[in-house]
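Peer 1: Below you will find the structure I want to go over with you.
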Amino acid sequence: SQVALELLRQRRSAFAAGSKYTHYRNANKANRDFSSLAIQERSKFETEDISNYGGVEYGISRDTNGRKQLTASSSSFSPKATSAVVTIILSIDGDSTKLPTINSVADLERALTQIASDVKVDNCLRSAEVLWTPQSSGDTLSERDIIADYPNLRSV
C-alpha cells in the first residue's frame, strides 16, 4: 500500500507503465507462478545491491578480499538524473482485483489506487515483491534501456 501511494505521488514523472493480472483457483499454482514471475523479473538485474528488511536498508559491498558482504548502508545523495523502473508483484486473496490496461496517467492512477486499497482489505496480501532499478546511486537507466528490457510497458 505504501509503495503504491509513493508511486501515486510521483505519477507526473511516469512516462511508461504496464499492468497484468491473473486469477487462480489453485493456491499452490498461484504461489508457484508468483515465485516464477518474481525470479524472472529479478533476473533482469545484473546484481541486486539493496535490500530493505525490517525498515533497515542493506547494501552489498565487497571486503578487502573481494568477497561480498551485507552492510547497513548510509544514505548518500547523488544528483545524477536517471529514469527508474519499479516492478510490483503481488499475490492477493480474492477475485475482485482487476487492473486496467494502462494507456494514460489516469489509468496508472486507477491501478495504483486499486492496489493500495485492495492490499489493505482483510489481510488479503499473501506475498509481495517490490523491485526497482537502478539501485546503486551511481547507476543510470536510460529510456532506451527501459524499452529494451521492458518491452511490455506502454507510453503514458
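Please treat every number below as a calculation from the coordinates, not as lab data. Predicted model, so just to flag it, every value in this text is computed and none were measured. Backbone-built Cβ (ideal geometry, glycine too); neighbour counts: all protein chains shown.
Peer 1: Suppose R0 equals 25 Å. What FRET efficiency, 1/(1 + (r/R0)^6) with r the Cβ-Cβ distance, do residue 87 and residue 113 give to the nearest 0.05?
Peer 2: Step by step, r from the Cβ atoms, then E = 0.85.
Peer 1: Could you work out how much longer the chain between residue 21 and residue 132 gets when fully extended? Use 0.36 nm per residue separation minus the Cα distance between them, nm to one decimal.
Peer 2: So the chain would gain 38.0 nm between residue 21 and residue 132.
Peer 1: If you don't mind, another one. Between residue 95 and residue 139, with labels modelled 7 Å along Cα→Cβ, what's the label distance in nm to one decimal, could you check?
Peer 2: Each label point is offset 7 Å from its Cα along the Cβ direction, giving 3.9 nm.
Peer 1: So for the range 109-155, taking the charge dipole from beta-carbon charges (+1 Lys/Arg, -1 Asp/Glu), which of 142, 115, 131 sits furthest toward the positive end?
Peer 2: After comparing all options, I get 115.
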